[in-house]
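Peer 1: What follows is a structure written as structure tokens; I'll ask about it next.
We did not get these values from a lab; they are worked out from the coordinates using the rules stated. Worth saying up front: this structure is predicted, and the values here are computed from it rather than measured. Note that we place each Cβ from the backbone using ideal geometry, even for glycine, and neighbour counts take in every protein chain shown.
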Amino acid sequence: MTLGRAVGLGGTSTLWGGQLAMFVPDDLAREGHEWPLTYDELRPWYDTPCDVLGIPAPRPSSDFLEAYGIPVLQHGALEPFFTAWLPQPNMARLFRATLKGDRIDVVLDASVHAFDFQGERAVGVRAKTRDGVDFSIAARHVILAAGTFGNVQIMLSAGLHGPVPWRDNKLIGAYFHDHLSANAGSFEVLDDAAFHRLVDNGVALGTKFQTKFRAKSGQSTSPQYAASSVSDLRIENGSPR
Amino acid sequence: MIVPGSEFAASAASRGQYDAVVIGGGTVGILLTARLVQHGLRVCVIEAGEAVARHPTGVFAAQSRGKNMRA
């Protein structure tokens, strides 16, 4: 709630390392866990965000292994995939020139607490400066982009200032969940050099990448499963903390 | 243009209707705003914090970087 967030221009992106993981085809096609869209349907939608954020479009893992000079892993319960690091993860810096442009006003030190409605359509916002001065802004579209907690805080606050279309929605402000994490296993590294060649951060295709591992489709990450290929990884039981 | 709330409030009434008002100048708000401006819209972003981001505790984010942070 505190260390994981930042308030100010750029928001939590000012804390972010900028690492992104994209889906691979198996993620959407796991037996028993099928998604309502195929990878081929999803894939074209990566092009624009990758372009905007300055990272290459998705490539098969084999491209990175080749760029790293490592043979494709043929065996084992795990397979590597590669996350991309943004050259500039701080959104306030990435779009600094845009923010200073003349088609945009960025108002600092002001909080929205209510909306103006025409029927059920929001046509403006009411805000207050840090000094307590009230002002209104009219707009054809009102967009909530204040994050998981900020959006909810504003929607609940607006309900105290007058009738809002979501007044009967009991879900707003309820059922928050944090990320779940647990130790699922551990590695015993048998060949330090080969291991680091694969898992250390690398630069390929002009971008910094990091290797991660995922369970191969159709295989369980059962204990004592030895990866008998180049990385010589042996998976052992993790002890939950 | 980036402007403090106190300065903006004095002239808010004369600024007319924006195509969009974006609440929050963070990860989503800035990215979205940049895309809207690229498409020719006139946008107002309202950010509760300052030009430099802080943790909600008031500590500047950069001062606690590395403590319990993950990529």
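Peer 1: Which FRET efficiency value, to the nearest 0.05, do you get for A:Ile172 and B:Thr57 by plugging their Cβ-Cβ distance into 1/(1 + (r/R0)^6) with R0 = 35 Å? Working shown, then result.
Peer 2: Numbers: r = 25 Å, r/R0 = 0.72.
The calculated FRET efficiency here is 0.90.
Peer 1: Also, quick follow-up: For A:Thr38 and A:Arg214, calculate 0.36 nm times their separation in residues minus their Cα-Cα distance, and state this gained length in nm to one decimal.
Peer 2: Details: separation 176, 0.36 × 176 = 63.36 nm, distance 1.92 nm.
61.4 nm is the gain from fully extending A:Thr38 to A:Arg214.
Peer 1: Here's a follow-up. Could you put A:Leu108, A:Leu180, B:Leu36 in order, starting from the residue whose Cβ has the fewest other Cβ atoms within 10 Å? Working shown, then result.
Peer 2: On the way: A:Leu108 24, A:Leu180 5, B:Leu36 21.
Ordered by Cβ neighbours within 10 Å, fewest first: A:Leu180, B:Leu36, A:Leu108.
Peer 1: Taking the protein assembly as shown, how much of its Cα-Cα pair set, in percent, is spaced more than 38 angstrom apart? Could the numbers behind the result be given before it?
Peer 2: Numbers: 13510 of 48516 pairs.
Across the protein assembly as shown, Cα pairs with separations above 38 Å total 28 percent.
Peer 1: Please compute, for peptide A:146-153, the average count of beta-carbon atoms on other protein chains lying within 10 Å of each residue's beta-carbon. Show your work: numbers first, answer last.
Peer 2: On the way: counts 10, 5, 0, 1, 5, 3, 0, 1.
Mean number of neighbouring Cβ atoms from other chains: 3.
Peer 1: Another question about this same structure. Under 5 Å between amide hydrogens, which residues at least 5 positions from A:Val106 or on another chain qualify, with H placed 1.01 Å from N in the peptide plane?
Peer 2: Here B:Ile2, B:Val3, B:Val45 satisfy the definition.
Peer 1: If you don't mind, there's one more thing I want to ask. Please give the average number of partner chain Cβ atoms lying within 10 Å of the Cβ of each residue in A:123-134, rounded to a whole number.
Peer 2: 4
Peer 1: Ok, one more. May I ask you to evaluate 6.51 cos²θ - 1.76 cosθ + 1.60, the Karplus curve with θ = phi - 60°, for each residue of segment A:37-49 and list the ³J(HN,Hα) values in order in whole Hz, giving x for glycine and proline?
Peer 2: Along segment A:37-49, the couplings run 9, 9, 4, 5, 6, 6, 3, x, 6, 6, 4, 5, x Hz.
Peer 1: Once you place label points 7 Å from the Cα toward the Cβ at B:Ala13 and A:His179, how far apart are they in nm?
Peer 2: Here the answer is 4.8 nm between the modelled labels.
Peer 1: Classify segment B:5-64 as rounded, prolate or oblate from the Cα gyration tensor: take a ≥ b ≥ c as the square roots of its eigenvalues, call it rounded if a/c is under 1.5, otherwise prolate when a/b beats b/c and oblate if not.
Peer 2: Details: a/c = 3.62, a/b = 1.51, b/c = 2.41.
Because a/c hits 1.5 or more and a/b fails to exceed b/c, segment B:5-64 counts as oblate.
Peer 1: Another question, then. At 10 °C and a viscosity of 1.306 mPa s, what translational diffusion coefficient does Stokes-Einstein give for segment A:93-161, taking Rh as the Kirkwood radius over Cα pairs? Give it in µm²/s as a whole number. Each step should come with its number before you reach the end.
Peer 2: Numbers: Rh = 13.4 Å.
Estimated via Stokes-Einstein, D reaches 119 µm²/s.
Peer 1: Using a 10 Å cut-off around each Cβ of peptide B:12-20, what is the average number of partner chain Cβ atoms that fall inside?
Peer 2: Values: counts 11, 4, 0, 4, 3, 6, 10, 4, 5.
For this peptide, the per-residue mean of nearby foreign Cβ atoms is 5.
Peer 1: Sequence gap at least 6, Cα distance under 8 Å: using those rules, report the relative contact order of chain A to the nearest whole percent. Let's see the in-between values first.
Peer 2: On the way: 320 pairs, mean separation 54.2, N = 241.
After rounding, I find 22 percent.
Peer 1: By how many nm would the segment from A:Asp134 to A:Tyr46 grow when fully extended, if each residue of separation counts as 0.36 nm and the alpha-carbon distance is taken off?
Peer 2: So the extension gain works out to 27.6 nm.
Peer 1: Neighbouring Cβ atoms within 10 Å as the yardstick, rank A:Met155, A:Met91, B:Met1 fewest first. Please list the in-between numbers first.
Peer 2: Details: A:Met155 18, A:Met91 28, B:Met1 12.
Ranked by crowding around the Cβ, least crowded first: B:Met1, A:Met155, A:Met91.
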